[in-house]
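Structure first, commentary second.
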Amino acid sequence: MSGDHRGYQDLNVYSVAYQLALEIHEGTKRYPKEEKYSLIDQIRRSSRSIPANLAEAWKKRRYEKAFVSKLIDCAGEAGETEVWLGFSRGFGYIEDAQYQRFIQKYDEVNRMLYGMIEKADKFCH
């Protein structure tokens, strides 16, 4: 087991990604109804996939390659979420300041993910 982490929920990156997914869910409630089966579903799914894939990565940490692969999936979902946030701003569904804040938070998530990837051996056993 890796040092002082009792589980994936104790990872800072998990907490940040989970909170972002909650904020995106809440924010998309104000999007136009015609976006229900497109942008809303896409951005909610990709933002939720990050903490979900982190949980999967944590459960696979016995196998370093599988652990790293799931972390790379997390980074991919973060990138996809950033694209949907860009469309949200472009369509006027979110303000520029809110967009910038989300992008800064996803940059933080990506830094943490790539830090974990670089030090995967510290998390794996």
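All of the numbers you see were taken from the coordinates with simple rules; none came from a lab. Everything numeric in this text was worked out from a predicted model, so none of it was measured.
Hey, what angle do you get for helix 41-59 against the long axis of the chain, alpha-carbon based, 0 to 90 degrees rounded to 10?
Approximately 10 degrees, to the nearest 10.
Determine the gain in length on full extension of the stretch Lys122-Ile72; use 0.36 nm per residue of separation and subtract their C-alpha separation, reporting nm with one decimal. List each step's numbers first, then the result.
Values: separation 50, 0.36 × 50 = 18.00 nm, distance 1.67 nm.
Extra length available between Lys122 and Ile72 comes to 16.3 nm.
Build a GNM of the chain with springs between Cα atoms under 10 Å: which of Val109, Val68, Val83 gets the top mean-square fluctuation?
So, out of Val109, Val68, Val83, the one fluctuating most is Val83.
Taking a ≥ b ≥ c as the square roots of the Cα gyration tensor eigenvalues, with a/c under 1.5 meaning rounded and otherwise prolate when a/b beats b/c, else oblate, which class fits the chain?
Prolate, since a/c reaches 1.5 and a/b exceeds b/c.
Compute the acute angle (0 to 90°) between the alpha-carbon long axis of helix 64-90 and the principal axis of greatest extent of the alpha-carbon atoms of the chain; round to the nearest 10°.
10 degrees
Taking the chain as a Gaussian network, Cα atoms linked when under 10 Å apart, which of Tyr37, Tyr114, Tyr99 shows the biggest mean-square fluctuation?
Tyr37
Just need the relative contact order of the chain here, percent rounded to a whole number, with Cα pairs under 8 Å and 6+ apart. Walk me through the numbers on the way to the answer.
Numbers: 124 pairs, mean separation 42.1, N = 125.
It comes to 34 percent, rounded to a whole number.
Counting only pairs 8 or more places apart or on different chains, how many lysine pairs in the chain have C-alpha atoms closer than 25 Å?
Summing the qualifying lysine pairs gives 16.
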